[in-house]
1. Per residue of the stretch 18-24, in order, report the coupling 6.51 cos²θ - 1.76 cosθ + 1.60 (Karplus, θ = phi - 60°) as ³J(HN,Hα) in whole Hz, putting x for Gly and Pro.
2. Using the Karplus equation 6.51 cos²θ - 1.76 cosθ + 1.60 (θ = phi - 60°), what ³J(HN,Hα) coupling, rounded to whole Hz, does each residue of the stretch 25-41 give in order, writing x for Gly and Pro?
3. What's the exposure ranking of Val141, Val128, going from fewest to most Cβ atoms within 10 Å?
Amino acid sequence: MQSLNSLFKLVEQNRWTVIGLAFLLAAAGTIGSLYFSQVKGLIPCELCWFQRIFMFPIPIVLAISGYRQDKKGYIYALSLALIGLVIALYHLSIQGDPSASLTCGGTESCTDEPFFWFSWLSIPLGSVLTFGGIAGLLSLVAISDYFGKMTGKTSKAKTKKS
């Protein structure tokens, strides 16, 4: 229990750093997705489109949250990341199923050999890792908030004096 206390205290003290890391992951996921479609010419499959719907707003939500110092703004990004993670996990689960016919443009599939990096990282797996990383980081912040409320050790938000 002591190590959990230490972890949540560390997260609370470095809240914006943790949220910033989630922002960087989401921005990288968005840029990577756009790279594959706009530079490589890979037309996204239906599941890729659904994942994009949930990925693309995350960096925007986190950037606005950080700019406004909104301590609860991460909750919206966490919701998007969790939904995207479910879709990405489903996409990964049917990756090896030839009857699934998830083609990413013409006859090429996002699970074909040319779309593997380091001989093991497919586009669906990359999506799972990205959404999972974002959800994990933002979940740490959420649990830290909850834990702080339960123990009465949350930091108060800055209030403007009139």
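1. 5, 5, x, 5, 5, 4, 4
2. Those phi angles translate into 4, 5, 5, 5, x, 5, 5, x, 4, 5, 4, 4, 7, 8, 9, 7, x Hz.
3. Val128, Val141
Bear in mind that the values in this text are calculations on the coordinates, not laboratory data. As the structure is a prediction and not an experimental result, all values here were calculated from the model. We place every Cβ from the backbone using ideal geometry, glycine too, and count neighbours over all the protein chains shown.
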